[in-house]
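Worksheet: one structure, shown below.
The values are calculated or read from the model by the stated rules, or taken from the named source; none is laboratory data. What you see is a predicted model; the values in this text were computed from it and never measured. Protein only, heavy atoms only, side chains kept; ligands, DNA and RNA dropped before computing areas. Shrake-Rupley method; radii C 1.70, N 1.55, O 1.52, S 1.80 Å.
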Amino acid sequence: MQEEFKKQSEALYSLLNVHDSFPELVGVDLEFVWTLLMVRDLKMNICKWAIGSFLEWDKLDQAAGGQEQNLGTKLHQAIRNTISKHAPTLMNAICKFNGYCVTLAALSKEEWSIPLPAPLPVKLAELRESPLLMEDVWISKTPGEQPQWLVEANVCVGIWALLKLD
């Protein structure tokens, strides 16, 4: 039964033409590739949803701070309701993404040399300040040794700080 399911999943995987689209993933475990592609798609959605949420909060903050016209009570409540409706979806997606990151770390092998995505902060305030939100999910191998800015979080934060100073 399990062997038959594995053959069916490999046949389905071959129909996806993943090896044609990403030839560097030849020889990488099927479950790892599937999870990696799921993480990539989920991260793109999280990024869109989070940025939309941040823009709505900014709109409220600017109106409350006097930088723009007052929204009025009705519009203010409508925006807050929209934010509160979208927040659970975003939080569930972040939790699912973080779970996939743990799964990828368990499935990963050193010889594949594919950089793994880092889990995202669960709190929206921390997510807003985190550079991890805008990092891409790599689906290709890195030749040789992985760059330090991909491996070391402190190097990434240092580069980010230098860029912010400029």
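Could you state the accessible area per residue of segment 90-129 in Å², with a 1.4 Å probe and every protein chain left in place?
54 Å²
Past the 24 Å Cα-Cα mark, which pairs from Lys59/Lys85; Lys59/Lys96; Lys43/Lys109; Lys109/Lys164?
From the list (Lys59/Lys85; Lys59/Lys96; Lys43/Lys109; Lys109/Lys164), the Cα-Cα distance tops 24 Å for Lys59/Lys96; Lys109/Lys164.
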